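In what follows, a structure is listed as structure tokens, so that the remarks can point back to it.
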Amino acid sequence: MKLWAHRGCSQRYPENTLLAFEKAAQINGLTGIELDIQLTKDGRMVVIHDERVDRTTDGIGYVREYTLEEIRKLKIDAGTGKKEVIPTIEEVLDLLEKKIKKGLKINIELKNSVYPYQGMEEKIVELIEKRGMEESVVYSSFYTASVEKIRKLSPKAEIGILDHKVSDCLYKVKGGCGADVLHPYWRGIDLPREQIEKYQVRAWFSGHLYPEKPTGTRLDIEELERKGITDVFLNEPERYL
């Protein structure tokens, strides 16, 4: 089983922040780090999951309504008086560059299934190619049209298709969306292992993000493997490595 840090170490630190990514990069044996990108009003790529800033910052409104300068003024509570800000994707890649060169992978989810940001695919592919990180990056999205565009822009890219059920992921792949990896919800493995075993199946989880208290429960990794899951995106990967 390969383990990825979901939005960084997002159980103990604020998700999608440089702090959460820095902590994740310190974990030995971690396969990669998952993060989310959106565009600001002035077309800059920032790392944040929700389409609105309300849940994770002290601001209100949609990411797309803020310029980069404005969104950088929003504060993220990191506990004990510390504050983080919404980072740009460039800042995250700068932070993780040494680890990426040593084999750490980055899963970049394009958050465009609710609001289709025009030009985001071109921007991220151009940036990754400019930095020579093509072999270290996995692109993913719920939005099939975005996946198709990424495939055209970067024919050799590794691309994951997101959905709640693995059957829906597989349906999109067989329909020609251009993805080669299945990214279902971990409870959405609704096909027998024999039908998905030729694919990498990276399962994602939800809930229990900072500042929620850890539940103390542990996943049965062997049971997930028996279902055909090859990778997991975890909020608390440090408990398993």
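Show the residue pairs that are 6+ apart or on different chains and have beta-carbon atoms under 9 Å apart, the first residue being within segment 194-217 and under 15 Å from residue 14 (Cβ atoms), the second being of a type in the set (Val, Ile, Thr).
The qualifying pairs are 208/215; 209/56.
Take the residues of segment 1-39 that are within 18 Å of residue 113 (Cβ to Cβ) and in a loop (DSSP other than H, G, I, E, B): which is most open to solvent (accessible area, probe 1.4 Å)? Even if it seems obvious, please write down each step before you answer.
Taking segment 1-39 as the starting set, the residues that turn out to be within 18 Å of residue 113 (Cβ to Cβ) are 6-7, 16, 34-39.
Applying the additional criterion that residues be in a loop (DSSP other than H, G, I, E, B) yields 7, 16.
Values: 7: 24, 16: 5 Å².
In this case the residue turns out to be 7.
Where the second residue is at pLDDT below 95 and the first is surrounded by fewer than 15 Cβ atoms within 10 Å (Cβ to Cβ) and lies in segment 131-146, which pairs have Cβ atoms under 8 Å and are six or more apart or on separate chains?
Matching pairs, first to second residue: 145/116.
Among 81, 103, which is closer than 18 Å to residue 158 by Cβ, open to solvent by 40 Å² or more (accessible area, probe 1.4 Å) and part of a loop (DSSP other than H, G, I, E, B)?
Result of the check over 81, 103: 103.
Give segment 185-210 a look and list any residue that's crowded, with 21+ Cβ neighbours inside 10 Å, of a type in the set (Phe, Trp, Tyr) and closer than 13 Å to residue 229 by Cβ, or say none.
204
Which residues, taken from segment 49-73, are touching a residue at least 40 places away in the same chain (Cβ under 8 Å) and outside any strand (DSSP E or B)?
The answer is 49, 51, 56, 64.
The values are calculated or read from the model by the stated rules, or taken from the named source; none is laboratory data. Because the structure is predicted, anything quoted here is derived from the model rather than measured. Every residue, glycine as well, gets a Cβ built from its backbone with ideal geometry; the counts of neighbours run over all protein chains shown. Surface areas here come from the heavy atoms of the whole protein model, side chains and all, with no ligands, DNA or RNA. Shrake-Rupley method; radii C 1.70, N 1.55, O 1.52, S 1.80 Å.
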